[in-house]
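First the structure, in the form of structure tokens, and then the observations on it.
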Amino acid sequence: MSDTAPSTDQSALINDELVDYARLASAFAADTNNAHKIAHLASICAERIRAGGKLLAIGNGGSCADALHFCEELTGRYRADRPSIPAIACADPGHITCTANDYGYDHVFARWVEGLGATNDVLIALSTSGNSQNIVNAVEVARARGLHIALFLGKDGGHLRAKGDTRFIVPGQTADRIQELHMLTLHTLVGAIERALGYTD
């Protein structure tokens with residue numbers, strides 16, 4: 001292992017990354033409408049869970065990892081002990097590869113929502129571009145089945161911009177920054193759902 005200290009240029013570039021995230025997160029937080037939307041979505045999630053519904057989460061690549069992370073915070077544990085909250089992310093490789101092979105990748109999430117989605121459910125759909133066709137197709141199935149659709153988007157919102165019931169378009173122009181802000185929003189949503197269900201103060 002080298003004992004050579006990182007170059008000043010490397011440290012400066014890393015600092016730029018940290019400052020850029022802080023700037024974008026501050027801009028998102030400065031819009032108080034975002035906090036109101038998170039609170040409203042949490043109340044809808046809690047209402048539907050009480051009625052026997054669940055949360056379904058979908059996304060591609062890093063957004064799939066974020067969907068998984070969101071759901072495990074609900075079924076497992078976030079910050080404090082409380083009952084498990086029903087949530088499922090579409091990340092089953094058997095379903096994804098079977099559907100992609102038989103129907104095409106554009107249908108992997110739509111078939112999943114068709115099989116698991118019910119009227120009292122909430123679909124959490126993550127797309128940094130808002131243009132992923134497999135997300136668009138799933139949203140259309142969710143709409144037909146009466147799910148509440150919550151979209152987590154970036155850039156200009158893309159094709160999905162006008163398709164959801166609740167919509168977050170976070171600042172940032174690169175997928176990594178958008179995904180980081182999505183996860184910040186999703187973590188905040190987990191805490192808000194817990195409070196809406198009366199599990200935490």
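Values in this text are rule-based calculations from the coordinates and carry no lab data. These figures come from a predicted structure and were not determined experimentally. Cβ placement follows ideal geometry from the backbone for every residue including glycine, while neighbour counts extend to all protein chains displayed.
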Under the rule of at least 5 residues apart or a separate chain, name every residue whose amide H is placed under 5 Å from the amide H of ALA89. ALA57
Setting aside same-chain residues fewer than 8 positions from LYS155, which lysines have a Cα under 22 Å from its Cα? LYS37, LYS163
Give a residue-ordered list of calculated ³J(HN,Hα) values for segment 89-99 (Karplus: 6.51 cos²θ - 1.76 cosθ + 1.60, θ = phi - 60°; whole Hz; x for Gly, Pro). 9, 7, 9, 6, x, x, 5, 4, 6, 5, 5
Derived scalar couplings ³J(HN,Hα) [segment 189-194; Karplus, 6.51 cos²θ - 1.76 cosθ + 1.60; whole Hz; x for Gly, Pro]: 5, 4, x, 5, 5, 4
For 134-140, 62-68, ranked highest to lowest by mean beta-carbon neighbours within 10 Å, the order is 134-140, 62-68
Setting aside same-chain residues fewer than 8 positions from LYS54, which lysines have a Cα under 17 Å from its Cα? none
Applying the Karplus parametrisation 6.51 cos²θ - 1.76 cosθ + 1.60 with θ = phi - 60° to the phi angles of segment 119-127, what ³J(HN,Hα) value in whole Hz is obtained for each residue in order, glycine and proline being reported as x? 3, 7, 8, 10, 9, 9, 10, 10, 8
What percent do you get for the relative contact order of the chain when only Cα pairs under 8 Å and 6+ apart count? 22 percent
Cβ-Cβ FRET estimate between ALA30 and ASP201, R0 fixed at 41 Å, reported to 0.05: 0.95
